[in-house]
Amino acid sequence: MGTRISDYAYLNTRVSLMAEQLLHRKQREALLELPLTEMSPLLTKAGLPRLGEQLPESPSDLEQFLASTLINESITLMRCMNSDERNFIRHWMRRLELINLKSILRTRFAGQQKINSREDLLDLGDLASLNLQVLIDTDSVEEFLRQLKNSSYSNMASPARQAFEEHRSLFDVEATLDANYYAQLKRLAAALKDAHREQVNQLMLSWLDKVNLVSLLRFRFVYGLSPPHAYFLLAPGGRQLSLNTLQQLAQQNDVTDVMKQLPPALYRQLADTDNIAEIEQHMQQQVRTLANRILRKQRFNMARAYAYLYLREQQIQLIHAVLKGHLLGLSPDLIQFCGDPLSYPALARKEQP
């Protein structure tokens, strides 16, 4: 018992130290507006002094540097967790491995292009669980999924193959992989103990509400999928949106009708939104607010580590969008839009069906 208390005390301290790197709102807004030559103090504050000194030569090098930063921090935090907690955080971080899987699928079987594993795929270091070269060398989607079945993602491979056989669509394969990733994350959260499980579930299920509502709207009204097809590709139910509720929402005819059928509390939170981009941004803000509350108010609880990693990933995505924009020579307005779509409503509304 004493060892676990000391472990959580160490974890609590590590999270508190890492949380000093999180930029507050005004600093994030400044990052969007500053010229590259004036960003060094903010990047140093964000724990990324190397980027303040010199940017990587290419967007892929920038992405790898930022991904490695997040991976290394997660590994540091996992060292003082028990096995169930490590399994949850490791699976959470393996969304980066899903990015690799989907990149291989799109490049090999949609574009029929060669893949440069260093430039096109993320190196997950100690978190990697796949032999990516074996997957790159496959000649068909079926062979790709057969190889995946012999990996740590075996529980995701069979549903993905069934989806491909039914629809012959890479989109369905990717969405099914995502849905089964979320289902496994929920199972791992259920294995956590007591207050850890309660707080982790609170954040994870709120995040799943955002994932499901935004996915449902896109599946139905951007990609034009039928209600059963769209519902089949969703993640498990979340905090406010159960699977029964999502099934009802999938039957609606447009975004406005979906909004009217939301649970009252969620509808009130989204009442001022009228397109998918705004809905996504507002729900994402709600999840960030919850993560910040857990990070500030919880002590000696691995949920703080999860909340930190969620917020850190959000911040790194913002830094990535801004710095990549500068690397590519984009205009200041476009860089700001990439970092904060709602800062330019006319552009954000392009997704509105």
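The values are calculated or read from the model by the stated rules, or taken from the named source; none is laboratory data. Treat the numbers as computed from the prediction; the structure is a model and nothing was measured. FYI the Cβ positions are ideal-geometry reconstructions off the backbone, even for glycines, and counts take in every protein chain you see. Side chains are part of the model used for accessible areas, which takes the heavy atoms of the whole protein and leaves out ligands, DNA and RNA. Shrake-Rupley method; radii C 1.70, N 1.55, O 1.52, S 1.80 Å.
A few points about this structure:
- Solvent-accessible area per residue, Å², over the chain with all protein chains present [probe radius 1.4 Å]: 47
- Net charge in the neighbourhood of Y181 (other residues with Cβ under 9 Å of its Cβ; Lys, Arg +1, Asp, Glu -1) is +1.
- Entries of K45/K324; K102/K186; K102/K324; K149/K186; K149/K210 with Cα pairs more than 23 Å apart: K149/K210
- Accessible-area composition of the range 1-130, carbon plus sulfur, in percent [1.4 Å probe]: 48
- Expected 222 nm ellipticity per residue - DSSP helices of 4 or more, -39500 (n - 2.57), all of the chain, to 500: -22000 deg cm²/dmol
- With a 1.4 Å probe rolled over the protein heavy atoms of all chains, the accessible area of I316, I99 falls in the order I99, I316, largest first.
- Backbone HN-Hα couplings from phi across the range 198-204 [Karplus 6.51/-1.76/1.60, Hz, Gly and Pro as x]: 4, 6, 4, 4, 4, 6, 5
- Total formal charge among the other residues, if their Cβ is under 11 angstrom from that of R161, Lys/Arg +1 and Asp/Glu -1: -3
- Extended-chain gain in nm, criterion 0.36 nm per residue less alpha-carbon gap, E38 and V134: 30.2 nm
- Based on C-alpha pairs under 8 angstrom that are at least 6 apart in sequence, the range 15-91 has a relative contact order of 20 percent.
- Sequence-ordered 3J(HN,Hα) estimates for the range 242-254 from the Karplus curve with 6.51, -1.76 and 1.60 and θ = phi - 60° stand at 6, 5, 5, 5, 4, 4, 5, 5, 5, 7, 6, 8, 7 Hz, glycine and proline given as x.
- Computed from the C-beta positions of K149 and N244 and an R0 of 41 Å, the FRET efficiency is 0.85 to the nearest 0.05.
- Here each label is just a point 7 Å from Cα along the line to Cβ, and for E119 and R268 those points are 5.4 nm apart.
- Length-normalised contact order of the chain in % [C-alpha pairs under 8 Å, at least 6 apart]: 19
- Phi-derived couplings, Karplus 6.51 cos²θ - 1.76 cosθ + 1.60 at θ = phi - 60°, listed residue by residue for the range 98-105: 4, 4, 4, 4, 5, 5, 5, 4 Hz, with x used for Gly and Pro.
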